Structure formats: structure tokens, C-alpha cells
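Just so it is clear, none of the values below were taken in a lab; they were calculated from the coordinates. Every value quoted in this text rests on a predicted model; they were computed, and no experiment measured them.
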Amino acid sequence: MRRNSLGRVVSSTRALHNTGGLVFWSDGCDVSVVYGTMMAFKLALFLVLVVTASVASPAEAATAVVVSSSGTGGGGGGGGGGDSATGSATDTSTEDPVSEIRHLLPKANLANNTVTNIPVQLGATAFLPCKYRHLADHQVSWFRRRDWHILTTGIFTYTNDERFTVLHPPESDDWTLQIKYTTRRDNGTYECQLSTGTGVISQFVNLHVVVPQAFILGNTDYHVQLGSAIKLVCVIKQSPTPPQYVFWYHDDHMINYDTQRGGINVSTDTGPKKTQSHLTVSDARYEDTGNYTCSASNTRSASVNVFVSYGDKMAAIQRRKAGGGAPGLSLAPGLWSLVAAAFWALR
């Protein structure tokens, strides 16, 4: 042992030092200087680990912090710190880094290029289905294939036509396109598209706007005898949903609720495939003659002409209808004789 020029004790022989788990040999060095240098080195190492952890992944950050904590422990706790770091690293490696958002990930067997056919009655509201699981900045958009017009992107609408909107309840997989008050121009194909980092996934919907057709059973001309009942049956087909109403018109006057005329009854039977409306006008009068029209909601109407006749006129009409409408050819016996004489004279 000896003192240096500053009065500090230095070792004149090599010595083995253990400082915080770091082992080194000193050969006549200032022991206090050595200790100070080692503490500064350990502090710098700790700062590097902290900076590294701030830019690393969550699992790496947890491991770095555990290692740095164990490294700064005392000499006697070095071994214990090492075991703690190993145990913490093992626990971190078993965590799922996307567990909180896994329910938002698309399924592996997500359908692509599927086609769905949707019929809707003219004037009704159409709902075009589409299901995707939205993740991060991936966007779901609706296109109209007829003109490649972008209708919606996400929950925002990009058309001036206010009939179009997208229905997407929060945290749901549904991206349903709603079209109100459908017209014939809405017929066609619509594309629901999901943009991903590797391309696009599409689902197609064919919208068929159906115009129900009404027709009245029987001929376009309906003849009835004075005082009898006028009975007309209107049938409505090709209607996805039953019509909300069926009105009968005599010329331009709606007669469903005509209490002034009286004797008018309208009954309507709705079904899954067709709707039938029965009109009965009792005790037919001459003024009941005219055009009768069956008109239902969002349906092409149908009309017939009704003629009210009396007695011999009605019988003549029936005979004319039975004979195809052409008058019979009949000659008096005298005329037949003249025809026969003229024929023999020409010979």
C-alpha cells in the first residue's frame, strides 16, 4: 500500500475487484477512480437500454426494462436479478400482441366475387347486403357498375342522390346499402369493395326492380244487362310485397268509398304470390257505363269498358259476340230466284 501525489491510497500489487457483478483486475490503480468509472459506465448502459425500450415493440420493451433493472442491482443480488429477468422474458413471450383487436380481423375464408340477387318492388326501399370486418385504414366502398359511380366510402356518402345511404352499426360487420323509393333506373349491379394492402375483395349485388302488373279477368269490353250486377276481378302478380292499397275508378272517379251511388262493394285478398280485388256494383244503371280501372300502389294499372244495355239490345250484342261480330248473310227467296235466272242466262 502507498499514497499517490493526491494523498489517495493506491495498491502496489494486482488486486481482484468485484463491483456490481463486474470482475476486473487492478494493478496499482486508484481504487476510488476505478469505482467511479464503473458506476458511470453502468449508468450509461442503463440509459441506452431505456432509449432502446422506448422504440421497441411492447414485448421487447418489457424484456429490456427487466434486464436493465437486474443489471443495476447490487453485487449480492446479481444472480437473483438474472433469474427474475429470465422469468419475465418467458411470461412476455406468451402474450398475444393483437388480442384486443383480433375480433376486427377478417376471416381467412372471406368470400370474394360472390353474387347476390335482390328483387324489390318499384317505389319500395331496397337493402343491398354486404359483410366485411373493417381493420385499421382499410375502407369499404359501394360502386354502381353501370357508370362506376362511387356511392359510399366508409360511412360517408359521395352522391347528391339522398336516396342512397350506408347502414353500418358500430362494431358490426354489416355495410348495407339502402336505396329509398326505387325506380327503374336503379336496376343493375352494385359492387361492395374492400380495399386491402394486397388488392381488393368484392361482393356483387344484382338489384331487380320489379313492376307488378295488374289485369282484369275477361274481355276488354264487358256487357251487362240493366238492373243486374257488374262484377269485375282484378289480379295483381309479380309483386314481392302485397300492395298497400287497390283502388277502383269509374272513369276518373274513385268508387271504393262512394256512398252517394251506393251498392258498391270492394274486397281485396292478398297472398304471397298474387293479390285479387273484387268489385261488385249492384243494380247496374245506364250511368254506370264507362271505363273501369284497377289501380294498386306501385303497379301498372288495368282497365275495361263496361256497357249497360236493356232487353233486345243486350240479346243482339250477345248474338253478335257469339257470331264473331260479323252480321249474318241472308237473302229473301225472291232474290235467290233472280240470282239463279241470271246465272242460267250467262251460260
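Treating each Cα of the stretch 213-322 as an identical point scatterer and summing with the Debye formula, the log10 of I(q)/I(0) at q = 0.12, 0.18, 0.22 Å⁻¹ comes to -0.42, -0.87, -1.17. Restricting attention to the stretch 213-322, the count of lysine pairs at 8 or more positions apart or across chains with alpha carbons under 30 Å apart stands at 8.
Share of pairwise Cα-Cα distances greater than 19 Å in the stretch 134-193 is 26 percent (whole percent).
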